[in-house]
Every structure is written in structure tokens, then in C-alpha cells.
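Colleague: The structure follows.
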Amino acid sequence: MRCPRCHNLNHGADATCSRCGASLRADSTRDFLGVGLSTGATLDHRYEIEALIGRGGMAEVYAALDRRLQRRVALKVLGSELLRHRTARSRMETEAIALARVAHPNVVQIYNVFDHDGLLVLDLELMTGGTLITRIPAGGMPCPDALSVMSSILSGLAALHRAGLIHRDVKPANVLMTADGLPKIADLGVARDETGHRATRTGAVLGTPTYMSPEQIRAQPDQPVDPRSDIYACGIVLHEMLTGEVPFKGNSDFDVMTAQVSRTPDLTRLRARAPGPIVDAVSRALEKDPA
């Protein structure tokens with residue numbers, strides 16, 4: 001069963017999502033994100049809330065002023081209900097620790113993490129240019145622009161990989177943009193630590209089906225997810241940037257995941273938009289066998 005809030009795959013018998021804690025019952029209307037911080041509220045005697053700027057499967061994100069350092073920041077807030085869910089809190093703590101290990105211009109910077117009145121809060125670099133989704137027009141981006149963005153994404157991923165981290169959820173929604181268009185990788189809540197610390201259990205299926213590698217979908221212990229899974233996702237993102245479409249689509253998540261595992265991508269639209277070496281690079285990134 002797929003979680004209606006964070007889209008994680010769960011066992012059908014589960015009552016709540018193993019990733020974010022949301023109810024999986026069809027009749028549930030509970031809002032697990034109702035943090036509802038008001039403009040002007042102060043957190044930790046330091047951060048003054050300015051506005052709600054984003055809402056995701058596990059948290060709300062607010063623009064705030066750090067009055068101590070006189071800078072604007074983004075506060076990613078996990079609500080009190082989810083704090084009681086072991087996996088949800090673990091995901092955000094994982095994200096905080098992962099971000100703290102990497103200092104790179106193409107990875108969102110973390111400044112602090114703290115608890116406040118039943119809330120777990122990440123103090124992050126404020127990004128004001130939206131996500132990469134907003135930069136991809138219907139017919140795709142010009143090739144030089146797409147390659148520039150992808151070069152930045154790969155540079156940030158290389159820094160994560162050098163730190164022993166695998167993102168596992170690379171997609172346009174998790175690439176934030178500065179006001180002048182610099183891409184930065186965000187949302188490391190499902191990152192895997194190759195050093196063995198805080199690693200996700202064997203057999204867990206985490207990620208977004210449209211961008212998941214075949215080995216992520218299979219979740220087999222004899223073919224673990226490694227940095228090449230992030231490269232696979234980058235192949236899909238580059239295809240989407242260049243054509244405006246992802247290479248694998250379907251009527252359900254099952255259809256998409258089946259295609260990721262077994263279907264050769266149709267690169268016809270890509271060939272019309274990009275030179276041969278770029279098409280070859282995308283084709284190689286989307287190979288089913290990580291080797």
C-alpha cells in the first residue's frame with residue numbers, strides 16, 4: 001500500500017506508514033502536518049516565523065529570521081504527532097546528520113537542529129528560487145541549460161558519495177534553486193549511510209517510483225543500493241529536463257516500477273533534443289544492470 005502523504009510503499013496490513021506515520025486507513029482524514037505556526041511566533045527564543053513556504057509528506061517548511069545572527073533561514077518542522085512515530089523522527093534526524101557531514105555549494109546547508117515545544121526543527125539554508133520542477137517547461141529546457149543544472153547536481157552528489165552517503169530520492173522536487181538559479185540538493189531523509197550508521201533495514205523500498213533504480217525496487221540483499229542508483233535517477237532527471245517528460249510512465253506505481261525493472265527506455269524524443277553523446281550518457285545511466 002502506498003502512503004497517501006509521503007508515497008512510501010508499505011505492507012498492506014500496516015495501519016500507519018513506516019516512513020512518515022500517516023494513517024493508511026481509507027477513511028482517515030487526519031492532518032498529520034498541522035503544525036500551523038503563525039507569523040511572528042518565536043522558536044527557541046531565537047527564530048521568528050515569517051511565512052509558511054512549503055509542505056511535504058513529513059514536515060512543514062517556514063521562512064524565518066534568526067534574530068541572533070540576523071539572517072533569514074528555512075525551518076523544517078516535524079509536528080508533535082509525527083514525533084511520536086519512531087521512523088518519522090529517525091528520518092529527520094538522519095537528514096540533519098547527513099547534511100552536517102557535507103559542505104558543498106550544491107548541497108543545502110544545515111545550521112542547527114533543535115526541539116521546541118514538541119516540535120523537531122531543522123534550521124536550514126533558505127532557498128528562494130523554488131524547485132527544479134518550476135524550471136522545466138512543457139517541451140523541455142535548452143540543452144546547455146539542462147547540462148549546466150545536471151553538472152551541478154552531479155557535483156553535489158559526488159560530495160555526498162565521498163561522505164559515504166547515497167541520496168536514494170534524486171528528483172526535481174528535491175533540487176532547490178537559489179534566486180540566481182544555482183541548484184542545491186535537498187531532502188536527505190531517506191539517504192543511506194554506507195559506513196553502516198543509521199542504515200535502513202534490508203528489504204525496505206524507499207524512494208519515488210518514477211525515479212527509482214531497478215535495484216532500489218527489487219530491494220535484494222545481493223544487489224545493494226550504491227551510488228550508481230543516484231546516477232540512474234540523474235539519467236531520468238536529465239531526460240525530463242531535456243524533453244519535459246520522464247522516460248517511464250504508467251497508470252499506477254506498479255506499472256512504473258515494472259517498467260523501471262524490465263523495459264528499455266524509448267529515447268526518440270531525447271534524440272530530437274540532444275546531441276548523440278548526451279543521448280548515450282542517458283542511455284548508459286538507465287541501464288538495468290548497475291555494472
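Colleague: Select from region 235-255 the residues that are in a helix (DSSP H, G or I), touching a helix residue (DSSP H, G or I) at 6+ places or on another chain (Cβ under 6 Å) and surrounded by fewer than 21 Cβ atoms within 10 Å (Cβ to Cβ) and list them in ascending order.
Modeller: 253, the sole residue that qualifies.
Colleague: On the given criteria, is residue 62 open to solvent by less than 10 Å² (accessible area, probe 1.4 Å), among the aromatic types (Phe, Trp, Tyr) and assigned to a strand (DSSP E or B)?
Modeller: Taking the combined requirement at face value, the residue satisfies it.
Colleague: Which pairs turn up if I take residues in region 250-273 that are among the β-branched types (Val, Ile, Thr) and look for partners that are open to solvent by 80 Å² or more (accessible area, probe 1.4 Å) with beta carbon separation below 9 Å, at least 6 apart in sequence or on another chain?
Modeller: Hits for this filter: 256/249; 261/218.
Colleague: Take residue 226 and decide whether it is under 30 Å from residue 145 (Cβ atoms) and in contact with a strand residue (DSSP E or B) (Cβ under 9 Å, 6 or more places away or on another chain).
Modeller: Yes, satisfied.
Colleague: Would it be correct to say that residue 216 is open to solvent by 30 Å² or more (accessible area, probe 1.4 Å) and either part of a helix (DSSP H, G or I) or at pLDDT 65 or above (or both)?
Modeller: no
Colleague: Also: Run down 165, 132, 126, 122 and say which single residue is under 16 Å from the mean Cα position of the chain (by Cα), crowded, with 16+ Cβ neighbours inside 10 Å, at pLDDT 95 or above and within 30 Å of residue 72 (Cβ to Cβ).
Modeller: Testing whether each residue is under 16 Å from the mean Cα position of the chain (by Cα), crowded, with 16+ Cβ neighbours inside 10 Å, at pLDDT 95 or above and within 30 Å of residue 72 (Cβ to Cβ) leaves just 132.
Colleague: Check whether at least one residue in region 79-101 is open to solvent by less than 30 Å² (accessible area, probe 1.4 Å), touching a strand residue (DSSP E or B) at 6+ places or on another chain (Cβ under 8 Å) and modelled with pLDDT of 95 or more, and report yes or no.
Modeller: No, the conditions are met nowhere in region 79-101.
Colleague: While we're here: Taking region 261-291 as the region of interest, how many residues are of a type outside the set (D, E, K, R) and farther than 19 Å from residue 242 by Cα?
Modeller: The total comes to 4.
Colleague: Quick check on my filter: what residues within region 220-233 are open to solvent by less than 30 Å² (accessible area, probe 1.4 Å) and within 19 Å of residue 263 (Cβ to Cβ)?
Modeller: Answer for region 220-233, where residues must be open to solvent by less than 30 Å² (accessible area, probe 1.4 Å) and within 19 Å of residue 263 (Cβ to Cβ): 229, 232, 233.
Colleague: I'm told residue 208 meets every condition in (1) in contact with a His (Cβ under 9 Å, 6 or more places away or on another chain); (2) modelled with pLDDT of 95 or more; (3) polar (S, T, N, Q) except one. Can you identify the failing condition by its number?
Modeller: The one condition residue 208 does not meet is (2).
Colleague: Continuing with this model, one more query. Name every residue in region 137-170 that is part of a loop (DSSP other than H, G, I, E, B), over 18 Å from residue 286 (Cβ atoms) and not hydrophobic (A, V, I, L, M, F, W, C), in order of residue number.
Modeller: Passing the criteria: 137, 139, 142, 164.
Colleague: Oh, and also: Tell me, please, whether a residue that is acidic (Asp, Glu), at pLDDT 95 or above and open to solvent by 80 Å² or more (accessible area, probe 1.4 Å) can be found in region 267-290.
Modeller: The answer is yes, given that some residue of region 267-290 is acidic (Asp, Glu), at pLDDT 95 or above and open to solvent by 80 Å² or more (accessible area, probe 1.4 Å).
Colleague: Then there's this: Given the criterion at pLDDT 95 or above, open to solvent by less than 40 Å² (accessible area, probe 1.4 Å), over 19 Å from the mean Cα position of the chain (by Cα) and of a type outside the set (S, T, N, Q), identify the matching residue among 156, 140.
Modeller: Only one candidate passes the filter, namely 140.
Colleague: Name the residue that is surrounded by the fewest Cβ atoms within 10 Å (Cβ to Cβ), counting only residues in region 102-119 that are among the aliphatic types (A, V, I, L, M) and farther than 24 Å from residue 180 by Cα.
Modeller: Filtering first and then ranking leaves 113.
Colleague: Next question, about the same structure. Would you be able to tell me the number of residues in region 122-162 that are more than 12 Å from residue 184 (Cα to Cα), of a type in the set (A, V, I, L, M) and in contact with a helix residue (DSSP H, G or I) (Cβ under 6 Å, 6 or more places away or on another chain)?
Modeller: Count: 5.
Colleague: For residue 173, indicate whether it is in a helix (DSSP H, G or I), closer than 21 Å to residue 75 by Cα and open to solvent by less than 50 Å² (accessible area, probe 1.4 Å).
Modeller: Yes: the conditions hold for residue 173.
The values are calculated or read from the model by the stated rules, or taken from the named source; none is laboratory data. Computed from a predicted model, the values in this text were never measured in an experiment. Reconstructed Cβ throughout: ideal geometry from the backbone, glycine too, with neighbour counts over all protein chains shown. To get the accessible areas, we keep the full protein, side chains included, count just its heavy atoms, and leave off ligands, DNA and RNA. Shrake-Rupley method; radii C 1.70, N 1.55, O 1.52, S 1.80 Å.
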